[in-house]
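Colleague: Before I ask anything, here is the structure I am working with.
Every read-out reported here was derived from the displayed coordinates using simple, explicitly stated rules and does not represent laboratory data. For clarity, every value in this text was computed on a predicted model and none was experimentally measured. Virtual Cβ from ideal backbone geometry, glycine too; neighbours counted across all protein chains shown.
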Amino acid sequence: MVELEKTYLAKYLPNLDNCKFKEIIDIYIPKDEVHPFIRLRKNGEKFELTKKEPVDGKDSSEQIEQTIILTEKEFEEFKKVGGKFLRKIRYYLNYNGKETEIDVFQDLLKGLVLVDFEFETIEEKNSFEMPDFCLADVTQELFAAGGIVAGKKYEDLEPELKKYGYKRIL
């Protein structure tokens, strides 16, 4: 499956009071890889193993995604392999009829908020206008990729975030 998406740094949090949300735990494997493509995920009460790779070595706006659904027991076994860890709360916001994912990072990444939009067609993706609650399009920026963010502290990302005038959201 090819995934078409755009990722933005948030400027501020829109009203999330009535949004559905869930906790997501990601473990990127292998731990010593700069940008691992394999992700073990606890997504609310669902468990999965996913491999995401850019199409033809391009940026992350188009990726081939392969997912295997796991049981909780299988998840716990894979977790023993170790990897780069991150935890976030994902909110689902309806923005102009499109479900938007707002990831509010926790723990050592507290203050980082990324916003994802997925699209059905390249034309839809290319014509999409950034919402006012977003600061900058970071779809093609490696520092914003899950496998790069995992295992880091907010302070590790600050030099890249400052380039966009990003202010920590608490």
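Colleague: Select from Ala144, Ile27, Ser127 the residue farthest towards the positive end of the dipole of region 2-162; place +1 on Cβ of Lys and Arg, -1 on Cβ of Asp and Glu, and compute about the Cα centre.
Modeller: The residue sitting farthest along the positive end of the dipole is Ile27.
Colleague: Of the peptides 99-105, 76-82, 129-135, how do they stack up when ordered by the mean number of other Cβ atoms within 10 Å, highest first?
Modeller: Values: 99-105: 19.3, 76-82: 12.3, 129-135: 15.4.
Top of the packing list down: 99-105, 129-135, 76-82.
Colleague: Under 29 Å between C-alpha atoms is the cut-off here; go through region 78-143 and count lysine pairs that meet it, provided they're at least eight residues apart or on different chains.
Modeller: Within region 78-143, the lysine pair count is 11.
Colleague: Treating the chain as a set of equal point scatterers at the Cα positions, no solvent, please give the Debye-formula log₁₀ I(q)/I(0) at q = 0.08, 0.14, 0.20 Å⁻¹.
Modeller: After summing over all Cα pairs, the log10 values are -0.23, -0.75, -1.61.
Colleague: Can you compute the FRET efficiency between Glu120 and Lys80 using 1/(1 + (r/R0)^6), with r the Cβ-Cβ distance and R0 = 41 Å? Round to the nearest 0.05. If you can, show how the numbers build up before the last one.
Modeller: Numbers: r = 38 Å, r/R0 = 0.92.
Computed FRET efficiency for Glu120 and Lys80 comes out at 0.60.
Colleague: If contacts are Cα pairs under 8 angstrom and at least 6 residues apart, what is the relative contact order of the chain in percent?
Modeller: Computed value for the chain: 30 percent relative contact order.
Colleague: Which value in nm describes the separation of the simple spin-label points at Ile89 and Asn15, placed 7 Å from the Cα toward the beta carbon?
Modeller: For Ile89 paired with Asn15, the spin-label model returns 1.8 nm.
Colleague: A follow-up question, please. With just the Cα atoms defining each centre, how far is region 1-55 from region 94-170? Give it in Å.
Modeller: 11
Colleague: Amide H neighbours of Leu135 under 5 Å, at least 5 residues apart or on other chains, H built in the peptide plane: list them.
Modeller: Counting only residues 5 or more places away or on other chains, the set is Leu9, Ala10, Lys11.
Colleague: Mind checking which aspartates and glutamates have their Cα closer than 13 Å to the Cα of Lys167? Skip sequence neighbours fewer than 8 apart in that chain.
Modeller: Glu155, Glu158
Colleague: What are the ³J(HN,Hα) couplings of region 19-32, residue after residue, when phi is run through the Karplus curve with 6.51, -1.76, 1.60 and θ = phi - 60°? Round to Hz, x for glycine and proline.
Modeller: 8, 5, 8, 7, 7, 10, 10, 10, 10, 9, 10, x, 4, 7
Colleague: Assigning unit charges at the beta carbon (Lys, Arg +1; Asp, Glu -1) and nothing else, what dipole magnitude in debye, to the nearest 20, does the chain show about its Cα centre?
Modeller: Once rounded to the nearest 20, the dipole reads 760 debye.
Colleague: Taking amide hydrogens as modeled 1.01 Å from N in the peptide plane, which residues meet the under 5 Å criterion relative to Lys152, leaving out close sequence neighbours?
Modeller: Sorted by chain and number, the residues that satisfy this come to none at all.
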